[in-house]
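Enquirer: Have a look at this one.
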Amino acid sequence: MKKLKVGVIGVGRLGYEHTCNIANRVPGMELVAICDGNVSRAQQVADELNVEKIYADPAAMCADPEVEAVAIFTNTASHVDMIRIAMEAGKHVFCEKPLAENVEKCLAAEEIIKAHPNQVFMLGFMRRFDKSYRIAKKKIENGDIGKVVLVRCYSQDPRSTFDSYLPFAPTSGGQFIDMSIHDIDLIRWLTGSEPKKIWAIGGCFEFPQFKEWDDGDNVSCLMQCENDVMAFMFANRTAAHGSAVETEIVGTHGTLRIGATPSSSLVEVLSENGVCDECYQDFVSRWHDAYITEMEVFRDYVAAGKVAEPTVYDGTKATRIAYACKESFLKNELLTLD
């Protein structure tokens, strides 16, 4: 098999995870270049992974004829600029979610991608590539639980990682845009429908600084989709037990539950404290396999020359809904989407 030669932009926490996967865990991919504004960090990762080429300038890396595809893991505000640079250089592009920090930039990304129809673009909503979620999606399509009635989503980040999150909080866009956007994408994907009514609530229950950013440390939203399916999502940054993502799909003839107990393994610890299921302590560990699978899928889309999913339009729609959630949260009003 001819290997797809990939250059990576951004080797922070998530970028490093993906970069290691591309280098060592995704057959048919070859990591040929690393780009990061922090050159010493790029050099450190390149040395670890035996990559010769490092860049500080994304345009310079994208101009490298050896690079066939570019994987973008920079901050959200830079995504559209990175997509433009890579697409205009003739590269296929994988971009981590969210697509952009506002709808206007998402629409700009749509135009960039439409202008390059022979290049593959894929957005990194990795939960679609988790084995359990793919099984659940297939069961829904097979009619195993009848008609879907409700999708319930919990996304909780561990309080142990809160200090590392704080520097990004003011520019993250808030819980709905930065965190719940995964659940918004799942709701759209699992129901095959778009939310039409939303009511979001929440507050600053422990960290008052979230109010300065028009945000809450615990937020939730009730939705009704165009096909009348109900949805509920909850997000927080204060989970004592670790990283926990739970999804329940209730149907007329059955129910599917994913991650009801967020155990990191099948091991139970029996001690003087009782019986304990140890939980994932960060989101990267929870989605490790899904990150690998989505890169394998991107590789296959490029090889086949097919339009990839999730698409740029999935990114725009999820962002639009996330902003509506934030508007509802700030106004404490039920909103009807156009």
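Enquirer: Take segment 151-202 and flag every residue that is polar (S, T, N, Q), under 15 Å from the mean Cα position of the chain (by Cα) and assigned to a loop (DSSP other than H, G, I, E, B).
Expert: The answer is S172, S180.
Enquirer: From the list Y313, Y280, which residue is within 28 Å of K139 (Cβ to Cβ) and at pLDDT 95 or above? Talk me through it step by step, then tell me what you get.
Expert: On the way: Y280 fails: at pLDDT 95 or above.
Only one candidate passes the filter, namely Y313.
Enquirer: Looking only at segment 250-282, filter to residues that are touching a residue at least 60 places away in the same chain (Cβ under 8 Å) and among the aliphatic types (A, V, I, L, M); which one of those is nearest to F176 (Cα to Cα)?
Expert: So, considering only residues that are touching a residue at least 60 places away in the same chain (Cβ under 8 Å) and among the aliphatic types (A, V, I, L, M), the one nearest to F176 (Cα to Cα) is I258.
Enquirer: State which residue is least open to solvent (accessible area, probe 1.4 Å) when the search covers only segment 188-206 and only residues that are in contact (Cβ under 8 Å) with a residue 40 or more places away in the chain and under 17 Å from Q156 (Cα atoms).
Expert: Going residue by residue through segment 188-206, those that are in contact (Cβ under 8 Å) with a residue 40 or more places away in the chain are 188-191, 194-202.
Pick out the ones that are also under 17 Å from Q156 (Cα atoms) and you get 200-202.
Working: A200: 0, I201: 69, G202: 44 Å².
Across segment 188-206, the extreme among qualifying residues is A200.
Enquirer: Tell me which of these C153 doesn't satisfy, since it passes every other one: (1) touching a helix residue (DSSP H, G or I) at 6+ places or on another chain (Cβ under 9 Å); (2) open to solvent by 10 Å² or more (accessible area, probe 1.4 Å); (3) within 19 Å of L256 (Cα to Cα).
Expert: (2)
Enquirer: Does any residue of segment 325-336 turn out to be farther than 23 Å from G259 by Cβ, of a type in the set (G, A, S) and open to solvent by less than 40 Å² (accessible area, probe 1.4 Å)?
Expert: For segment 325-336, residues farther than 23 Å from G259 by Cβ, of a type in the set (G, A, S) and open to solvent by less than 40 Å² (accessible area, probe 1.4 Å): present.
Enquirer: Of the conditions (1) of a type in the set (D, E); (2) in contact with a Ser or Thr (Cβ under 7 Å, 6 or more places away or on another chain); (3) surrounded by 15 or more Cβ atoms within 10 Å (Cβ to Cβ), D215 satisfies every one except a single condition; which number is it?
Expert: So D215 meets the others, but not (2).
Enquirer: Would you point out the residue of segment 235-256, among those that are surrounded by 16 or more Cβ atoms within 10 Å (Cβ to Cβ) and among the small types (G, A, S), that is farthest from Y133 (Cα to Cα)?
Expert: A239
Enquirer: What are the pairs, 6+ residues apart or on separate chains, where a residue within segment 31-51 that is polar (S, T, N, Q) has its Cβ under 6 Å from a residue that is outside any helix (DSSP H, G or I)?
Expert: Q43/I54
Enquirer: Condition first: open to solvent by less than 10 Å² (accessible area, probe 1.4 Å) and of a type in the set (G, A, S). Now tell me which residues in segment 301-323 satisfy that.
Expert: A308, G315, A318, A322
Enquirer: Continuing with the same structure: For segment 257-268, what are the residues that are open to solvent by 30 Å² or more (accessible area, probe 1.4 Å), assigned to a strand (DSSP E or B) and among the aliphatic types (A, V, I, L, M)?
Expert: Once the filter is applied, which keeps residues that are open to solvent by 30 Å² or more (accessible area, probe 1.4 Å), assigned to a strand (DSSP E or B) and among the aliphatic types (A, V, I, L, M), segment 257-268 yields L266, V267.
Enquirer: Separate question: Of the conditions (1) in a helix (DSSP H, G or I); (2) hydroxyl-bearing (S, T, Y); (3) closer than 19 Å to H182 by Cα, T247 satisfies every one except a single condition; which number is it?
Expert: Failed condition: (1).
Enquirer: Only one of D214, D228 is more than 22 Å from N332 (Cβ to Cβ), part of a loop (DSSP other than H, G, I, E, B) and not β-branched (V, I, T); which?
Expert: None of the other options fit; the residue is D228.
Let's see how each residue does on (1) open to solvent by less than 30 Å² (accessible area, probe 1.4 Å); (2) in contact (Cβ under 8 Å) with a residue 24 or more places away in the chain; (3) at positive phi:
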| site | (1), (2), (3) |
| --- | --- |
| M87 | yes, yes, no |
| K91 | yes, yes, no |
| E101 | no, yes, no |
| E111 | no, no, no |
| K137 | no, yes, no |
| T171 | no, yes, no |
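Enquirer: Residue by residue through segment 1-23, note down the ones that are open to solvent by less than 10 Å² (accessible area, probe 1.4 Å), under 23 Å from T161 (Cβ atoms) and part of a helix (DSSP H, G or I).
Expert: G15, H18, T19, N21
Enquirer: Scan segment 24-44 for residues that are surrounded by 21 or more Cβ atoms within 10 Å (Cβ to Cβ) and touching a strand residue (DSSP E or B) at 6+ places or on another chain (Cβ under 8 Å) and jot them down.
Expert: M29, L31, V32, A33, I34, C35, D36, A42
Enquirer: Next up: Being among the β-branched types (V, I, T) and farther than 19 Å from E278 by Cα is the filter here, so list the residues in segment 222-246 that pass it. It would help to see each step written out before you state the result.
Expert: Within segment 222-246, the first condition is being among the β-branched types (V, I, T), and the residues that meet it are 229, 238, 245.
Answer for segment 222-246, where residues must be among the β-branched types (V, I, T) and farther than 19 Å from E278 by Cα: just V229.
The values are calculated or read from the model by the stated rules, or taken from the named source; none is laboratory data. Keep in mind that what you see is a predicted model, and the values were worked out from it rather than measured. Neighbour counts run over all protein chains shown; Cβ positions are idealised from the backbone, glycine included. With ligands, DNA and RNA removed, areas are computed over all heavy atoms of the protein, side chains included. Shrake-Rupley method; radii C 1.70, N 1.55, O 1.52, S 1.80 Å.
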